[in-house]
1. In the stretch 223-274, which residues are of a type in the set (S, T, N, Q), surrounded by 17 or more Cβ atoms within 10 Å (Cβ to Cβ) and over 14 Å from M109 (Cα atoms)?
2. Taking only the stretch 202-222 into account, find how many residues are surrounded by fewer than 16 Cβ atoms within 10 Å (Cβ to Cβ) and assigned to a helix (DSSP H, G or I).
3. For the stretch 223-234, does any single residue satisfy the condition of being modelled with pLDDT of 95 or more, among the charged types (D, E, K, R) and out of contact with any Gly (no Cβ under 6 Å at 6 or more places or on another chain)?
4. Take the stretch 94-117 and flag every residue that is surrounded by fewer than 24 Cβ atoms within 10 Å (Cβ to Cβ) and out of contact with any strand residue (DSSP E or B) (no Cβ under 8 Å at 6 or more places or on another chain).
5. I'd like the full set of residues that are among the hydrophobic types (A, V, I, L, M, F, W, C), away from the ligand (no atom under 11 Å from the Cβ) and touching a residue at least 60 places away in the same chain (Cβ under 8 Å), limited to the stretch 185-241.
6. Can you go through L244, L266, L170, L165 and tell me which one is of a type in the set (A, V, I, L, M, F, W, C), part of a helix (DSSP H, G or I) and free of Cβ contacts under 8 Å to residues at least 60 places away in the same chain?
Amino acid sequence: MSVDAAVNVIQTRRPGFVPRAALVLGSGLGRPAEAVADATIIPYADLPGFPRPSVAGHGGRLLLGSFAGAPVAVLHGRAHAYEGHAGRGGGAGVMNLPIRVLKRLGCEMLVLTNAAGSLKPEMGPGSLMLLTDHINFSGANPLLGEGDEQGSRFVDLTDAYDPALRRTLLATAAASKVKLHQGVYVWFLGPSFETPAEIKAARTLGGDAVGMSTVPEVIVARQAGIKVAAISLITNLAAGMSSLRISHEHTQAEAAKAADEIERLLAAFVAAVFPGA
Ligand code: HPA
């Protein structure tokens with residue numbers, strides 16, 4: 001499946017449009033898609049090589065339009081490694097092609113959102129966490145089995161979460177009166193939630209939040225030379241840290257509650273990165 005085919009469909013539907021930023025909206029976090037002005041909406045089904053997300057709360061469409069005054073591409077819905085899509089990376093490469101398409105369209109920056117469990121009691125449900133780094137606890141990698149044709153497979157992940165973008169996000173959060181935690185995201189493959197023993201291990205190893213997404217897209221975006229910023233919405237304390245049961249329904253309900261705040265933060269951030277775009 002080639003990047004060209006999807007790029008051709010997109011450029012036919014929206015000739016001459018060059019998105020500068022891309023947003024990936026995670027579980028239950030689709031609200032910013034409604035704020036895209038003058039949107040061209042393309043279902044993933046029309047885009048060769050794009051996955052059909054199989055998880056409730058994941059839209060499965062690409063939007064092109066204006067967000068906070070900047071031309072953007074929005075991936076409303078992502079597929080996860082655990083969905084078992086065939087292909088390279090043992091399923092972890094399921095978002096490789098969409099990310100490479102974003103690069104070809106002109107995106108310089110990728111902003112990822114996800115729902116995550118907290119490893120810190122003081123960072124409870126509803127908190128937002130800016131990712132400073134990650135730990136890949138999945139045993140998977142989106143570049144497994146790939147050659148070097150897309151760029152070196154030995155991708156440097158130092159400063160994968162762009163320090164300048166992080167500074168801008170922290171500043172815009174402060175200016176927007178949004179409390180933004182910072183921390184290390186630990187990627188578990190899923191789809192089962194973690195055991196309390198795994199959570200204890202992740203905390204001991206320096207993690208601050210756990211989730212089942214984002215890291216594959218970060219790796220591929222860095223290979224492609226796209227700058228990355230990522231934000232977790234904390235939907236629960238991780239397994240064994242509270243008496244509440246963890247469920248996907250709970251994740252979606254908590255994510256929906258934070259929709260406004262995330263949209264406000266993302267809009268202020270995009271406007272700060274692309275002033276007068
Ligand atoms: N673990 C993994 N993924 C998640 C969680 C969690 O506790 N909460 C939301 N996504």
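The values are calculated or read from the model by the stated rules, or taken from the named source; none is laboratory data. Quick caveat, the model's predicted, so the values are computed rather than measured. Quick reminder, even Gly has a Cβ in these numbers, built from the backbone with ideal geometry, and neighbours come from all protein chains shown.
1. The first filter runs over the stretch 223-274 and keeps only residues of a type in the set (S, T, N, Q), leaving 223, 232, 235-236, 242-243, 247, 251-252.
Next, from what is left, pick out any that are surrounded by 17 or more Cβ atoms within 10 Å (Cβ to Cβ): 223, 232, 235-236, 251-252.
Scanning the stretch 223-274 gives S232, T235, N236, T251, Q252.
2. Start the filter on the stretch 202-222 by keeping residues that are surrounded by fewer than 16 Cβ atoms within 10 Å (Cβ to Cβ), which leaves 204-206.
Filter once more, keeping what is assigned to a helix (DSSP H, G or I): 204.
Counting residues in the stretch 202-222 that are surrounded by fewer than 16 Cβ atoms within 10 Å (Cβ to Cβ) and assigned to a helix (DSSP H, G or I) gives 1.
3. Checked the stretch 223-234: at least one residue is modelled with pLDDT of 95 or more, among the charged types (D, E, K, R) and out of contact with any Gly (no Cβ under 6 Å at 6 or more places or on another chain).
4. L97, R100, K103, R104, G106
5. Applying the first criterion (among the hydrophobic types (A, V, I, L, M, F, W, C)) to the stretch 185-241 yields 186-189, 193, 197, 199, 201-202, 205, 209-210, 212, 215, 218-221, 224, 226, 228-231, 233-234, 237-239, 241.
After this cut, where a residue has to be away from the ligand (no atom under 11 Å from the Cβ) as well, the list is 197, 201, 205, 215, 218-221, 224, 226, 228-231.
Residues satisfying the conditions are L205, V215, V218, I219, V220, A221, A224, I226, V228, A229, A230, I231.
6. Details: L244 fails: part of a helix (DSSP H, G or I); L266 fails: free of Cβ contacts under 8 Å to residues at least 60 places away in the same chain; L165 fails: free of Cβ contacts under 8 Å to residues at least 60 places away in the same chain.
That would be L170, the only listed residue that is of a type in the set (A, V, I, L, M, F, W, C), part of a helix (DSSP H, G or I) and free of Cβ contacts under 8 Å to residues at least 60 places away in the same chain.
Quick grid of which residues meet (1) within 16 Å of the ligand (Cβ to nearest atom); (2) touching a helix residue (DSSP H, G or I) at 6+ places or on another chain (Cβ under 7 Å); (3) farther than 27 Å from A267 by Cβ:
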residue	(1), (2), (3)
S66	no, no, no
A81	yes, yes, yes
V101	no, yes, no
R104	no, yes, no
M109	no, yes, no
A116	yes, no, no
L119	yes, yes, yes
G126	yes, yes, no
